[in-house]
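Single-structure report; data block below.
Please treat every number below as a calculation from the coordinates, not as lab data. All figures in this text were calculated on a predicted structure; none of them were measured in a lab. Quick reminder, even Gly has a Cβ in these numbers, built from the backbone with ideal geometry, and neighbours come from all protein chains shown.
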Amino acid sequence: MRLFWVIVLFGSNLVSAASVAVITEESSSFSSSCSAGMTSLSPCPPGIPGATGGISGPDYQVGANAGPSPVGPPTFIPGARMVSVGVDAAAEYSCGPVLPCPPFVPLSASANASASISGYTEGPSRLGSIQVSVVVGSNHDSPPGFGFSDGTNFYGIGAGAPPGSLNPCCGGAYDATLPFMLGGPFSAGVSANAGSGVSSCPVDSYPITCVGAGPSANAVISFVLLEPDGSAIPFVSTPEPGPWALCILGLLFAIPRVRRSRR
């Protein structure tokens, strides 16, 4: 019996020394659409408008892309998990110098993207920290969204974002280590959208070119959770049996053999 309690207490100490961050959900959504006159595609074929993908004609080109950000975090963090999105859209109508111009074709393109990760950290409630490396940027469109939370405190654009060279409207990046409650839920998410279009193109001089704003946006969060002593907490996708569970399983197999030996 004494041996049983020694093993159980030893196992519980191993658990406290080897807590993990359990990821319960990772999700992402990427969508795009583009149209030229009566032709509409969703998703819009990926590619650079006018080169490959999108919709193109003799006097127009339109395209949109949505997916993970082409820009990585400013700093590599060992063992970190990441959420990342990037979008862009473009439309252009041109005519000339050969006349007459073909009939005008209205153009539109849009792209939307979001990604998130959530889970919980094992163990009792305690104040640790989160180390993050963040990059956000946008051009001619609404700024991307980003945020991360411990279930009580939220850090993000307009809500406790750390100081630094961050300018959500035009782009920026920062690295920070922030207070973060452990022993409960955690989450991080990013989103971005872009839209472009040409609804009319006045013919007053030749050659003419009407270009819709070519917006792009991206957001990336790379992060790792830290114990109060600064040690990194490893991420796991599903809970793994703790040392105490392995000890108890060993005892369960050993007890019948002990009983047989006494007979």
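Odds and ends about this structure:
- The residues 104, 223, when put in order of fewest to most other Cβ atoms within 10 Å, stand as 104, 223.
- By the count of neighbouring beta-carbon atoms within 10 Å, fewest first, 235, 186, 154 end up ordered 154, 235, 186.
- With all pairs of separate Cα atoms included, the stretch 65-144 yields a Kirkwood hydrodynamic radius of 17.2 Å.
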